[in-house]
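The values are calculated or read from the model by the stated rules, or taken from the named source; none is laboratory data. Everything quoted here is computed from the prediction, not taken from an experiment. Note that we place each Cβ from the backbone using ideal geometry, even for glycine, and neighbour counts take in every protein chain shown.
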Amino acid sequence: MGAALPAFGYMPALGGDRISLEHWRALLAEPGLPASVALSFASGLITTLAALCGVALFLAVSFGTRSFRLARRILAPLLAVPHAASAFGLAFLIAPTGLLFRLAAPLFGFDRPPDLLIVGDPLGLAMMTGLIVKEMPFLLLVALAALPQTVPERRLRLARSLGYGRMAGFLFAVWPDVYRQIRLPVIAVAAFSSSVVDVALILGPSTPAPLAVRLVAWMNDPDLSLRFEASAGALLQCLTTLAVILVWLGLERCAEVARRRAASGGRRFRDDRAVRPVAVLPVALAGFAVLGGLGMLALWSVAGFWGFPDVVPPSLGLSTWSRVLPNATGPLWTTFTVALAAALAALLLVVTMLEGQRGGVGPRAGRRVRVSPSAAGLLYLPLIVPQVAFVFGLQVLILAAGLTPSLSLLVATHLVFVAPYVALALADPWFALDPRYEQVAVSLGRSRLSAFWRVRLPLLIAPVLTAAAIGFAVSVGQYLPTVLIGAGRLPTITTEAVALASGGNRRVIGAYALLQTLLPFVAFALAGLVPRLLWRNRRGIRAE
């Protein structure tokens, strides 16, 4: 409502006291608006399709192999890298002065960077690439969580006994059930990619920019009359994202029809050895881009003068860090405080909700195996509705209530986005634990609360800490809510890093992006280390 009412002219604080379509006419008259909408639409659709196909092909080729086990091990570091840091790292790889062109310079005889517009290209290809690189690890994580519930080994054995090749057997027999379980995260990726701001500011075009970027500029413009136009644009962004989701649902049906026809056509696709190396490439390249980008950020943060086409900088030093650290201490502390508070609050609320949905330890325990549709609908709504469409309305509500920017207000805003991801990560393990463990504890005289603290929580300490680390990382990466709700008074390391995108100092950008990555990386490292330390003398629990 906070976004819809000003869109139609009603915002008494700015003199809007009557319903009007004037601001919609002003919005539609904006130069380049159709191109901005088309760019946002294409970004949402292409990013989701490419990331999902890459994950499906990778699992079809690698399930049960050494590559599959390796992917599970490096997944946490890939997830720990925020979107903005990943986008900066990719820019340092693919820009005309980036590592790839430096490596190619001797082969093609370059003595200066080629005159190519790669970062910020008008079609948004660099932006979409940056999003694909970051969304693949997330979709791979949720797919790995869903795999055990599909009993993949038995299905693959059955498919192989019927003559199907490795890839065809997985795609026909296992992937459909995996996709049904990860459908909501996939739609969330589509919604996010169609309305992303931070990655678009770093890698996206500016003439015209994607719709969400233009909306943020209008919202922050000193001319307050543009707030009405920004509100109309926020509703237009909602319609754009809705169009992306509807088209995606149509593609789902087309893909299902194609799969059934291929499965009933009689072909077994036995000989797929030539295709397997190609099918692994998308996920492998995404992992290389994230890790290689981190390496470039680290190198630039300590580099002296680094001219083209030198592959490595001639001199290294810590002068950049000595300048950055005093200025970054405040934003770093704010980022840590807000992320920790939001993650812990989300964990407490989600655990309380899951316990209520589970039904305790009595006869009803364990009967409900997933969150109820009504609770899930409310909880996951912020993942599907574009941030820019309702955070502005939330800002209007906060101003109307007379509230001023504060850490507690920023934590509450981040909680809206952190809690859904914590629930996504924790719900399946929480319901999957056998309730008879607690029933035995209660039968031995323990209270329900004691059984929870001494049995359920210790057995689930690994997924609980992983969910908290994911929530922490999500909060660290929040850009738009921090900018709008914090009103510039509560800068975080993310807002500072994105603000540097308009500058050309790669050394400072590298240092800030590394600092942004440091906090989630420590959180994921602790989530993996603490259970190992707690259960170092419990072989069975460590095996779980």
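Does region 55-74 contain at least one residue that is crowded, with 24+ Cβ neighbours inside 10 Å and in contact with an Asp or Glu (Cβ under 8 Å, 6 or more places away or on another chain)? No: zero hits.
Would you mind stating whether Arg489 is outside any helix (DSSP H, G or I), over 28 Å from Leu399 (Cβ atoms) and in the same structural domain as Leu407 (by TED's automatic domain parsing)? Here the answer is no, as Arg489 does not meet what is asked.
When you scan region 1-113 for helices (runs of 4 or more DSSP H) that lie fully inside it, which ones turn up with 1 or more residues that are touching a helix residue (DSSP H, G or I) at 6+ places or on another chain (Cβ under 7 Å) and farther than 28 Å from Val178 by Cβ?
Details: elements: 4-7, 22-28, 33-62, 66-80, 83-94, 99-108.
Qualifying helices (runs of 4 or more DSSP H): 4-7, 22-28, 33-62, 83-94, 99-108.
Scan region 318-331 and give yes if some residue there is surrounded by 13 or more Cβ atoms within 10 Å (Cβ to Cβ) and assigned to a loop (DSSP other than H, G, I, E, B), otherwise no. No, every residue in region 318-331 fails to be surrounded by 13 or more Cβ atoms within 10 Å (Cβ to Cβ) and assigned to a loop (DSSP other than H, G, I, E, B).
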